[in-house]
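Following: one structure in structure tokens, then a few remarks.
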Amino acid sequence: MLDEVVCVAAVTILGVLEQAYFSLQVIYARRKYSVSPPCTTGPPEFERVFRAQANCSEYFPIFITILWVSGLFFSSAAASVCGLLYLYGRYLYFQGYSASAQGRLAPLYFSAKVLWLLIGLSALGVLNSMGQLYLGLDFLQQLSGLFFD
Amino acid sequence: MLDEVVCVAAVTILGVLEQAYFSLQVIYARRKYSVSPPCTTGPPEFERVFRAQANCSEYFPIFITILWVSGLFFSSAAASVCGLLYLYGRYLYFQGYSASAQGRLAPLYFSAKVLWLLIGLSALGVLNSMGQLYLGLDFLQQLSGLFFD
Amino acid sequence: MLDEVVCVAAVTILGVLEQAYFSLQVIYARRKYSVSPPCTTGPPEFERVFRAQANCSEYFPIFITILWVSGLFFSSAAASVCGLLYLYGRYLYFQGYSASAQGRLAPLYFSAKVLWLLIGLSALGVLNSMGQLYLGLDFLQQLSGLFFD
């Protein structure tokens, strides 16, 4: 079973490394703008970096959760590709937000869309597993049969 | 093995959808009370919605973690039922906190109790697995034997 | 498969209990320094406890994620030992930060090092699984063969 999710695990490690990168940027911003912990307010340049990291951290557990549910119940490959797109969107969001509050919007919408796609794939996969288990139906296979048979 | 945790996965997706709902409420509150990012302070009405969402986000990874440990090591059905109760408690908490700081307390205590129950089930399940593995004992089965044999 | 990760699950429950302990400390600090929710600012003594808990909560999902990836793909025993060290480091961090901003630094660096070790073990385990799956190579086994054959 581990073989099937090895790509999801690789995307997970990339996600953790991205969070580590964001955390380091906050440490650099604290030094640059002389904002010592536990203080979290300061010039807008600092607050944007701080909030960008806080927002990414807040979404990280949601992303990891839904990445694994879609990888386990829908498709490891589809989940991994969406996961890479999400992490790329979050990188653009962090860079954009660090530059200006306006700059965060386009990549934020992009990563939100990828997250909704992962939620949709997870829901499809889980509903299909429930259909197989409780009703004896495999509607995803029947659906793909319509197109490829 | 996936079949056994399909209900836990369904509760997980509901939990992610609830977090998405809370995040949208913060966006609406930002517009209503004109609090633009990266600012996180404003009228108490806004701050209560903001803190309600922050508190739910903070507990989300703890909830998901303990939901899956109890689902895997104790019982998928018991974990799923507790998970639904927790998500319902968190919904009441969000509504209550949005209305008044006092209104958050009763549902907060309720969801804390459900979380402690999940922690207890997880601990029982993991200790039982360790007992089976290292001591050759299955105390949960012996315990249920006392009542049902 | 559950038997192999039972120690990782036990460390996970300890981690959840530690987070519960940190949350209780914030509640006690709120009472002691009369800082009522939704307010999060107050005397430095309160803010340090609040930020210590916020920082531990922020890292909790990253820790749990990488604990399980290293436990599944590298070694359950190695991941569990690192996990215990990390939780001990976080306890010292919380105590140190509660006393002074300076006191958080040494245990913060310690737990960061343990986290990097877990990331390294995860990456090794996942790359090895990919090597086995796509290239037919098991470099971890070959490496251990160099030392133990």
In the range A:1-23, the residues that are among the aliphatic types (A, V, I, L, M), without any contact (Cβ under 8 Å) to a residue 12 or more places away in the chain and within 26 Å of B:Gln19 (Cβ to Cβ): A:Ala9, A:Ile13, A:Val16, A:Leu17, A:Ala20
Index of the failed condition, B:Tyr88 passing every other in (1) in a helix (DSSP H, G or I); (2) over 11 Å from the mean Cα position of the chain (by Cα); (3) without any contact (Cβ under 8 Å) to a residue 12 or more places away in the chain: (2)
The lone exception for A:Leu124 - which of (1) more than 10 Å from every other protein chain (Cβ to nearest Cβ); (2) surrounded by fewer than 20 Cβ atoms within 10 Å (Cβ to Cβ); (3) closer than 30 Å to C:Gln102 by Cβ it fails: (3)
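How many residues, within the range B:89-122, are of a type in the set (S, T, N, Q) and over 15 Å from B:Glu18 (Cβ atoms)? Give the derivation first.
Taking the range B:89-122 and keeping what is of a type in the set (S, T, N, Q), we get B:95, B:98, B:100, B:102, B:111, B:122.
If we keep only those that are over 15 Å from B:Glu18 (Cβ atoms) as well, we get B:100, B:102, B:122.
Residues meeting the conditions: 3.
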Residue match in the range A:40-52 (condition: out of contact with any Cys (no Cβ under 6 Å at 6 or more places or on another chain), closer than 25 Å to B:Gly15 by Cβ and among the basic types (Lys, Arg)): yes
Residue selected from the range C:102-121 under the condition surrounded by 16 or more Cβ atoms within 10 Å (Cβ to Cβ) and without any contact (Cβ under 8 Å) to a residue 12 or more places away in the chain, by the criterion farthest from the other protein chains (Cβ to nearest Cβ): C:Gly103
Residue list for the range A:9-28, filter: at the interface with another protein chain (Cβ under 10 Å from one of its Cβ atoms) and closer than 17 Å to A:Glu58 by Cβ: A:Gly15, A:Val16, A:Gln19, A:Ala20, A:Ser23
Residue within the range C:1-8 that is modelled with pLDDT under 95, facing chain A (nearest Cβ under 9 Å) and not in a helix (DSSP H, G or I) present: yes
Residue that is outside any loop (DSSP other than H, G, I, E, B), at the interface with another protein chain (Cβ under 8 Å from one of its Cβ atoms) and without any contact (Cβ under 8 Å) to a residue 12 or more places away in the chain, where the choices are B:Pro61, B:Pro37: B:Pro61
Number of the condition not met by A:Ala77 [criteria: (1) in contact with a helix residue (DSSP H, G or I) (Cβ under 6 Å, 6 or more places away or on another chain); (2) more than 8 Å from every other protein chain (Cβ to nearest Cβ); (3) farther than 19 Å from A:Pro107 by Cα; (4) modelled with pLDDT of 95 or more]: (1)
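Among the residues of the range C:93-101, is there at least one that is at the interface with another protein chain (Cβ under 9 Å from one of its Cβ atoms) and closer than 24 Å to A:Thr12 by Cβ? Write out each step before concluding.
Step one: of the range C:93-101, the residues at the interface with another protein chain (Cβ under 9 Å from one of its Cβ atoms) are C:97, C:101.
From the residues that got through so far, the ones that are closer than 24 Å to A:Thr12 by Cβ too are none.
Scanning the range C:93-101 turns up no residue that is at the interface with another protein chain (Cβ under 9 Å from one of its Cβ atoms) and closer than 24 Å to A:Thr12 by Cβ.
The values are calculated or read from the model by the stated rules, or taken from the named source; none is laboratory data. Since the structure is predicted, the reported quantities are computational estimates derived from the model, not experimental observations. Using ideal geometry, Cβ is built from the backbone for each residue, glycine included, and neighbour counts are taken over all protein chains shown.
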